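One structure is given below, encoded as structure tokens.
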Amino acid sequence: MRNYFFGLLAILLFAVLIPNLKRDENKFENSGKMGKESKSSEDKYSILLPTYNEVENLPIIVWLIVKYMEKSGYNYEVIIIDDGSPDGTQDAAKQLQKIYGENKILLKPREKKLGLGTAYIHGMKHASGNFILIMDADLSHHPKFIPQFIEKQKSKDYDVVSGTRYVGSGGVYGWDFRRKLISRGANFLTQLLLRPGASDLTGSFRLYKKDVLEKLIKSCVSKGYVFQMEMIVRARQFNYTVGEVPITFVDRVYGESKLGGSEIFQFAKALLYLFATT
Amino acid sequence: MTKLLEWVAVLGALGAVWLSLVTNTVEFGFVRQYPTAVFYSPVIFVGLFGIYAIIVVLYRVFTFNDCEKAAAELQEEIVEARADLAKLGFRFK
């Protein structure tokens with residue numbers, strides 16, 4: 001009888017363990033191949049680039065966007081939202097406008113550093129596209145994935161398409177063991193508590209339908225990088241559909257990034273807040 | 001229903017079953033045979049789940065892709081971009 005009891009426990013454990021270990025590994029093998037044939041001419045993609053002191057990275061990221069978007073043939077525009085960088089980011093943006101045209105590259109600066117959410121609202125006011133793509137300008141997000149986001153969106157008319165570092169061919173560069181452990185641990189805990197229906201919650205490489213993004217921003221209260229997590233959790237709350245594309249995240253080619261105690265505290269606070277309210 | 005309420009509801013239901021077993025409100029041969037195992041079953045399950053969580057997280061840490069190729073490609077493209085932009089008349093700072 002005792003053996004029977006522990007045998008049952010072991011079976012139960014493995015029943016949960018095995019499917020979860022390799023979960024999601026093959027789910028996205030089709031992404032990137034789909035939807036190429038249906039290229040709707042009226043769709044336009046507004047790419048929002050919030051910047052602060054990105055004078056070195058901005059020309060590179062814009063060059064890459066132009067390279068991959070011209071190749072894909074989709075209609076697009078780049079909107080640079082600079083929060084009064086003292087390093088001359090806006091001069092670089094103006095030079096890029098001369099090179100690529102003021103209808104392709106829009107510069108919509110703000111006077112000082114304000115929140116990320118308001119940057120998106122500010123950018124959206126000037127966006128002429130019906131889709132909004134949000135990415136970081138520091139080269140951690142590669143524009144080569146944008147056409148894959150668009151194809152993924154078209155494949156099932158998703159409301160949101162989110163880039164994910166945690167699934168399939170996605171990954172990171174420049175992270176040590178500690179950083180990976182914190183990231184995976186935090187992700188596991190979040191998946192357990194919130195079941196958000198998306199594997200990467202804190203990433204900010206995403207494509208939204210314009211009206212969906214407007215509604216999500218209005219309903220979000222967090223600041224900083226936790227804001228990204230709230231956006232995707234609210235998306236689930238409003239029953240929006242979320243597609244995912246594996247992305248590679250190359251951490252800060254120039255400059256440095258941090259993950260300290262205060263970030264972890266912020267994250268825990270936001271997690272509990274969303275756990276209790278959504 | 002918020003996630004918090006979902007958790008409270010499910011844990012409450014499981015707690016009720018456990019309580020009914022340990023207080024012998026519901027009679028079960030198994031319970032009479034192994035009263036200690038039943039009494040400590042919540043702790044056992046939490047412990048097992050903890051082990052499961054550690055295994056999954058560690059597995060995912062060690063299988064986290066290192067995108068060496070993507071990083072190298074990006075470096076090449078940066079060089080290419082700077083050369084092309086300079087040709088187009090961009091003045092780098």
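A few notes on this one:
- In terms of Cα atoms, the Rg and Dmax of the protein assembly as shown work out to 24.2, 86 Å.
- Cβ neighbours within 10 Å from other chains - mean over A:182-191: 3
- Interface burial in the range A:163-178 reaches 30 Å² or more for A:VAL172, A:TYR173, A:PHE177, comparing the full protein assembly with the chain by itself; accessible area from heavy atoms with a 1.4 Å probe.
- Of the residues A:TYR158, A:SER72, B:SER20, the one whose Cα sits farthest towards the positive end of the charge dipole of the protein assembly as shown is B:SER20 (charges of +1 on Lys and Arg Cβ, -1 on Asp and Glu Cβ, taken about the Cα centre).
- Entries in A:LYS209/A:LYS269; A:LYS154/A:LYS210; A:LYS108/A:LYS218; A:LYS67/A:LYS113 that, when Cα-Cα distance is taken, lie over 25 Å: A:LYS209/A:LYS269; A:LYS67/A:LYS113
- Residues A:LYS152, B:LYS87, A:LYS210, sorted by accessible area with the largest first, give B:LYS87, A:LYS210, A:LYS152 [1.4 Å probe; ligands and nucleic acids excluded].
- Residues whose placed amide H lies under 5 Å from that of A:ASP87, excluding near-sequence neighbours: A:ASN53
- Sulfur and carbon atoms: percent of accessible area, the range B:3-67 [1.4 Å]: 78
- Projecting the Cα atoms of A:SER140, A:MET229, A:PHE205 onto the charge dipole of the range A:133-278 (Cβ charges, centred on the Cα centre) puts A:MET229 farthest toward the positive pole.
- Its DSSP H runs of at least 4 residues, each contributing -39,500 (n - 2.57), put the calculated 222 nm mean residue ellipticity of the protein assembly as shown at -17500 deg cm²/dmol, to the nearest 500.
- Within the range A:45-276, percent of DSSP bridges classed antiparallel, to nearest 5: 25
- Cross-link partners of B:LYS3 among aspartates and glutamates (Cα-Cα below 20 Å; sequence separation of 8 or more within a chain): A:ASP200, A:GLU230
- Interchain or long-range residues, amide H under 5 Å from A:GLY171's placed H: A:ILE247, A:THR248, A:PHE249
- Peptide packing for B:63-76, A:162-175 was compared via the average number of neighbouring C-beta atoms within 10 Å per residue; ordered from the highest value, the list is A:162-175, B:63-76.
- Accessible-area order (highest first, 1.4 angstrom probe) of the listed residues A:SER219, A:SER140: A:SER219, A:SER140
- Magnitude of the charge dipole for the range A:45-276, about its Cα centre and with charges confined to Cβ atoms of Lys, Arg (+1) and Asp, Glu (-1), is about 560 debye.
- Alpha-carbon centroids, the range A:74-91 and the range B:1-69: separation in whole Å: 50
- FRET E, pair B:ARG82, A:LYS156, Förster distance 51 Å, beta-carbon r, rounded to 0.05: 0.85
- Chains A and B, summed buried accessible surface - 1.4 Å probe, Å², nearest 100: 4900
- A:ASP82 long-range amide H proximity, modeled H, under 5 Å: A:THR51, A:LYS108, A:ARG110
- Helix B:41-62 axis, angle to chain B major axis (alpha carbon atoms, nearest 10°): 10
- Note on the range A:99-170: with neighbouring protein chains present and a 1.4 Å probe, carbon and sulfur make up 48 percent of its accessible heavy-atom surface.
- Within the range A:134-237: Cβ-based charge dipole about Cα centre, in debye rounded to nearest 20 (Lys, Arg +1; Asp, Glu -1): 200
- Accessible carbon and sulfur surface of the range A:196-278 relative to its total accessible area, %, 1.4 Å: 58
- A 1.4 Å probe run over the protein chains yields, for the protein assembly as shown, 50 Å² of accessible area per residue, whole-number rounding.
The values are calculated or read from the model by the stated rules, or taken from the named source; none is laboratory data. Here the structure is a predicted model, which means the values were calculated and not measured. Cβ atoms come from the backbone with ideal geometry, glycine included; neighbour counts cover every protein chain shown. Quick note on the areas: whole protein, heavy atoms, side chains included, nothing else; ligands and nucleic acids left out. Shrake-Rupley method; radii C 1.70, N 1.55, O 1.52, S 1.80 Å.
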